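None of the figures in this text is laboratory data; all of them are computed from the coordinates on show. Given the structure is predicted, the values throughout are model-derived calculations rather than measurements. All Cβ positions, even for glycine, are placed from backbone atoms using ideal geometry, and neighbour counts span all protein chains on display.
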Protein chains: 2
Amino acid sequence: MPHILVVGSLAYDDVQTPYERRRDVLGGAASYFSLAARLYAPVRLMGVVGDDFRESDLERLKKRGVDIAGVERVKGRSFRWLGRYDHDLVTAETINTDLGVFGDWDPEVPAAFTDSEFVFLANILPEIQLRMLEQVRAPVVVALDTMNYWIERKRDALTKVMSRVDIVTINEAEARQFCGTHNVIRAARQILALGPRAVVIKRAEYGALLLTKDRIFWTPAYPLEEVRDPTGAGDAFAGGLLGYLAHSGTVDDRTLCRAVLHGTVCASFAVEQFSVDGIEQADQTGVEARVRELQTLVSA
Amino acid sequence: MPHILVVGSLAYDDVQTPYERRRDVLGGAASYFSLAARLYAPVRLMGVVGDDFRESDLERLKKRGVDIAGVERVKGRSFRWLGRYDHDLVTAETINTDLGVFGDWDPEVPAAFTDSEFVFLANILPEIQLRMLEQVRAPVVVALDTMNYWIERKRDALTKVMSRVDIVTINEAEARQFCGTHNVIRAARQILALGPRAVVIKRAEYGALLLTKDRIFWTPAYPLEEVRDPTGAGDAFAGGLLGYLAHSGTVDDRTLCRAVLHGTVCASFAVEQFSVDGIEQADQTGVEARVRELQTLVSA
């Protein structure tokens, strides 16, 4: 089985919704991604944490089979995010971000990880994404995620790294912002023209749209009557997506479509509970069942 | 073949988008609905127009097979709507509504129309919807549409008529408003609990969600790279939906799902051109081709 390498944040979140508030809960793109991807293939995690990071949280990841040998612990505070969701439980308002040790992180891919075949460059500085990419010897599939912050401040570097990866995953609003069009099909085509073989536009409760040279695929979100914490949905999505590809060993259009279904289902588990609890508790049987339901949902 | 009866507005629209403006173009829920439904079954139209309504516009409907014997012409001005769309081409801002003769319309179903089997009560005063419903002798399927205006001002009457129909079609934002929840699945269940056998939540560019007692079905919108005028999308949708049901003669869940696909495709034709031009030019072959594409879009 090929290995999946993820480079991204490990964080403590303080999350508020109109119904609930949780402080100091495990978060960060790499946590969500790893706990989804481990359902499919072995995961290698690169991240950085401060003195305040609980050993028990690293243990949680380890217990789920995630290889945490690439997690550096350095002096200082861990990345902390304070966010609030409106009653729609879709868009987060960031009240405070404290990058802590993540702000100065200058990672190197450990020698033992350089043979990873599937790579996920989570939402970090595009220059770091590019450098990570160059340190992996012969990746089969590299996927990246990004956010408005980099679109506004690091557009050129982001465009460059997008042109080097195989899959770009991006939120709908960010795709619109990056491409200067409201039409998501046009936006996806613009990003595809940069070089990746696939673009996935994440549309939160409206599902996900996949575009390749020859295929448009759309899946709705898995219908939930209760969403408790949307944090990490996009990263759990990417974990399911890349996990499924790694497990399949191929990246043809058909497999990409199925991978998007798996990503969608992983996201649904993530948002059902606060923090990573939902995706941590998910298992393959549960994922498969929801993938089947998702297919039933759209079959006329 | 059973007959479809539609009761609703015939209007002249003045539509502005960031790219184009068209004045005095044929609009109104009943126009869009009729031009979609006539692709499937004979349509009987009830509406009211003023002295200013062009005979040529009634001819357009007639030429497409719509029975306009139920259109009253009275002294006064026709219904006029002035609306503007933002660059997202989704939500209309109403700049002015002049109900004209439509404001005082007190319709009676013509004797020749009372045997109609399929009935669409377009977005009008709920009390009129209810009265129309009572005048049709033995309807097989009655569907209604509504809007925020009635939700705010005529909630009780609207609730009553919803409880008497078979299908409620409603915009996502209006479903949320009516039900007081952001979650559309919950909103759809609430409306279903009032009595209809099916609820369709229209989600514009995100497609449509169908809920029955035993089934949830979701179709994405037909992916268009250019939307020119979203006016009438919901009514063309209802026309395709009810048209397909009338053509099929059954309303089981499977048929309802397929009807939602047809509604979605009719809406796509409507929004591709200004006014009713797109849906007027659509034909069965074109609709069938897009229904197949829509199914390919979601099949993994």
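Which distances, shortest first and in nm, link B:Arg137 to the matching position in the other copies, using label points set 7 Å out along Cα to C-beta?
Here the equivalent label points are 8.3 nm apart from this one.
If we count other beta carbons within 10 Å of each Cβ, what is the order of B:His262, A:His87, fewest first? Walk me through the numbers on the way to the answer.
Numbers: B:His262 29, A:His87 11.
Listing B:His262, A:His87 from fewest to most nearby Cβ atoms yields A:His87, B:His262.
Percent relative contact order of chain A, based on C-alpha pairs within less than 8 angstrom and at least six residues apart?
Numbers: 684 pairs, mean separation 55.5, N = 300.
The normalised contact order for chain A reaches 19 percent.
Over 37 Å apart: what share of the alpha carbon pairs of chain B falls there, rounded to a whole percent?
Beyond 37 Å sits 6 percent of the P(r) for chain B.
Kirkwood hydrodynamic radius of the stretch B:186-232 from all distinct Cα pairs, in Å?
Answer for the stretch B:186-232: a Kirkwood hydrodynamic radius of 11.9 Å.
Dimensions of the protein assembly as shown along principal axes (Cα, Å, largest first)?
83, 42, 39 Å, listed from the longest principal axis down.
With chain A treated as a Gaussian network of Cα nodes joined by springs under 10 Å, which of A:Asn171, A:Asn183, A:Asn123 yields the largest mean-square fluctuation?
Answer for the Gaussian network model of chain A: A:Asn183.
Compute the distance in nm between two label points, each set 7 Å from the Cα along the Cα-to-Cβ direction, one at A:Glu226 and one at A:Asp253.
4.1 nm
Give the distance, in whole Å, between the Cα centre of the stretch A:199-233 and the Cα centre of the stretch A:119-194.
The distance from the Cα centre of the stretch A:199-233 to that of the stretch A:119-194 comes to 17 Å.
Under a plain spin-label model, where a point goes 7 Å from the Cα along Cα-to-Cβ, how far apart in nm are B:Ala138 and B:Gln273?
It works out to 4.0 nm between the two label points.
Which residue fluctuates most in the GNM of chain A (Cα springs below 10 Å): A:Gly76, A:Gly207, A:Gly234?
Greatest mean-square fluctuation among the candidates belongs to A:Gly76.
Under the rule of -39500 (n - 2.57) per DSSP H run of 4 or more residues, summed and divided by the residues of the protein assembly as shown, what mean residue ellipticity at 222 nm is obtained, to the nearest 500 deg cm²/dmol? Provide the component values of the computation, followed by the final result.
On the way: 22 runs with 234 residues, N = 600.
Taking each H run of at least 4 residues, the total per residue is -11500 deg cm²/dmol.
Over all alpha-carbon pairs in the stretch A:218-292, figure out the percentage whose distance exceeds 20 Å.
Tail of P(r) above 20 Å: 22 percent of Cα pairs.
For A:Ser299, which inter-copy label distances result when the label point lies 7 Å beyond Cα on the Cα-to-Cβ vector, reported in nm to one decimal and in ascending order?
Copy-to-copy label distances for A:Ser299: 1.1 nm.
How much FRET efficiency would the formula 1/(1 + (r/R0)^6) give for B:Thr97 and B:Lys160, where r is the Cβ-Cβ distance and R0 is 30 Å, rounded to 0.05? Working shown, then result.
Values: r = 25 Å, r/R0 = 0.82.
Efficiency for this residue pair is about 0.75.
Quote the Stokes-Einstein diffusion coefficient, in whole µm² s⁻¹, for the stretch A:71-115, based on the Kirkwood radius over alpha carbon pairs, a temperature of 4 °C and a viscosity of 1.567 mPa s.
Values: Rh = 13.2 Å.
Estimated via Stokes-Einstein, D reaches 98 µm²/s.
How big is the shadow of the Cα convex hull of the stretch B:73-216, averaged over all directions, in nm²?
9.8 nm²
From the Cα trace of the stretch A:166-300, what convex hull volume per residue do you get, rounded to a whole Å³?
Numbers: hull volume 14.6 nm³, N = 135.
Spelled out: Cα convex hull of the stretch A:166-300, divided by residues, is 108 Å³.
To make sure I understand the rule: partners must be lysines, Cα under 29 Å from the Cα of B:Lys62, and not fewer than 8 residues away in the same chain. Which ones qualify?
B:Lys75, B:Lys202
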